[in-house]
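Everything on this sheet refers to the single structure shown next.
The values are calculated or read from the model by the stated rules, or taken from the named source; none is laboratory data. In this text, all values refer to a predicted model and were calculated from it rather than measured experimentally. Ideal geometry is used to build each Cβ from the backbone, glycine not excepted, and the neighbour counts take in all protein chains shown. Ligands, DNA and RNA are stripped out before the accessible areas are found, and what is left, the full protein with its side chains, is counted by its heavy atoms. Shrake-Rupley method; radii C 1.70, N 1.55, O 1.52, S 1.80 Å.
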Amino acid sequence: MAFIVYKREGLAIALLEGLAEDEFPQVRINQVDEFSDWELDDSQCEGENWKVWPEEVVFYELLPLMREVVERVSMYNSYEESIIENSTGVMLMKKAVDVWEKRMREKRGVPSCLLKCFSVESAKATLNSRRIRFSHPDAYNDLMEGQCVWQRNSDVKDEQKELDRVVEEHKKYLNRARICCFSEGGAGSMLPQWAYYANDAKGVMLAFNVDAVLKRFAPGEGKKEAIAKRRVWYVNNVQKEQCFQDNLLDLYYVKHASWRHEREWRVVLDAEEDVKRLRLDVKAGNNEAGFPVMDVAFEMKDVNAVFLGPRMRPSDAEEIFKIIQGVAGNVKVYVIEVDRYGTYKNFQTRWIKSLEELKEFYGCHAPQM
């Protein structure tokens, strides 16, 4: 089966399904023939008029367009399921986008740093204790966290009962997961994260050193592989259990495509086995909502920089600055300036070297409300 995802006079771009799994999806283009149908047999996509499109071209030219088509179907049509069931093309595109997203995740380079947002109170606790929080999956804001299509034994008479047993068995293990979330990107490009996780930009962002994080939580792993593994894979379809046979906790590196804008990077730990294996200094307990958490020790040399939110109160900024001076005077502190009359590129950082300079800044710049 093949599906033409784009066509105009002198160009047809077809997505092929009927290939070996390691070859799916494949894109072929035809700049000679004209086609009236959207669905084709694989045999109709063969011959000298068809050329295979290199995957690198697909990643940067076709993937963004197909991603938008799939997201528009999901976002704007309340009858999405009925459309998907009746549209081979949409089903095929969703499957292809998920595969390409995984490959892109593996091909992207190593980030310069890993960014994490905090409210002012959380930042104070983190900096004073030099401990970073890992939370139970149920504490996070994604209602689909950890979704999976579980395997079941088809030979069992009561399949639903068997499925319930399998899920319950897995949940005992998954309940040991503790997650710490970061983002890739620059402090000025993290507008959603500032709003979601830094109290509407009134909080703080810490930039963690990539090598330090990997040394602490992924010792012995190759740098590129360790980064790619922990980079969240954004998908349109819930993945099957077989995808996580090496480590079931890896399903927490998968999220629905609607969260793609967060560019998330995670460390997922087993609260029992990994803590022992990595010899982590941990304080375990429950958060205010009653969910299990563990606070893991880190060193301030693991932090490259601290960014103060553009809506931060001057008194909070001074308090955070004093804490940093006390625990790690060599860590650079930046304020963020927003030019309301420029472009988004004018979301700029400014290095603050002293408390006097910080006070002077806030004397001339009211928080960006």
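Observations on the structure shown:
- Residue in the range 205-217 that is open to solvent by 60 Å² or more (accessible area, probe 1.4 Å), part of a helix (DSSP H, G or I), at pLDDT below 90 and not hydroxyl-bearing (Ser, Thr, Tyr) present: no
- Scan of the range 118-133 for residues that are open to solvent by less than 20 Å² (accessible area, probe 1.4 Å) and either closer than 28 Å to residue 237 by Cα or touching a strand residue (DSSP E or B) at 6+ places or on another chain (Cβ under 7 Å) (or both), ordered by number: 118, 120, 123, 126, 132
- Scan of the range 114-131 for residues that are among the hydrophobic types (A, V, I, L, M, F, W, C) and farther than 17 Å from residue 230 by Cα, ordered by number: 117, 118, 120, 123, 125, 127
- Test: residue in the range 91-111 that is among the aliphatic types (A, V, I, L, M), at pLDDT below 85 and closer than 30 Å to residue 38 by Cα: yes
A quick yes/no check of all residues on (1) charged (D, E, K, R); (2) not in a strand (DSSP E or B):
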site: 255; (1), (2): yes, no
site: 265; (1), (2): no, no
site: 289; (1), (2): no, yes
site: 337; (1), (2): yes, no
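- Test: residue in the range 171-179 that is open to solvent by less than 40 Å² (accessible area, probe 1.4 Å) and among the charged types (D, E, K, R): yes
- Any hit, the range 214-230, residues being closer than 22 Å to residue 332 by Cβ and either β-branched (Val, Ile, Thr) or in contact (Cβ under 8 Å) with a residue 60 or more places away in the chain (or both): yes
- Every pair of residues 6+ apart whose Cβ atoms lie under 7 Å, when the first sits in the range 280-291 and is over 12 Å from residue 178 (Cα atoms) and touching a residue at least 60 places away in the same chain (Cβ under 8 Å) while the second is among the acidic types (Asp, Glu) and part of a strand (DSSP E or B): 283/295
- Subset of the range 233-253 that is free of Cβ contacts under 8 Å to residues at least 60 places away in the same chain and outside any helix (DSSP H, G or I) - its residue that is most open to solvent (accessible area, probe 1.4 Å): 246
- Restricted to the range 1-67, the set of strands (runs of 3 or more DSSP E) holding at least 3 residues that are basic (Lys, Arg) is empty.
- Residue pairs meeting the criteria (Cβ under 8 Å; at least 6 apart or on separate chains; first of a type in the set (Asp, Glu), in the range 128-142; second open to solvent by less than 80 Å² (accessible area, probe 1.4 Å)): 138/145; 138/291; 142/255; 142/256; 142/259
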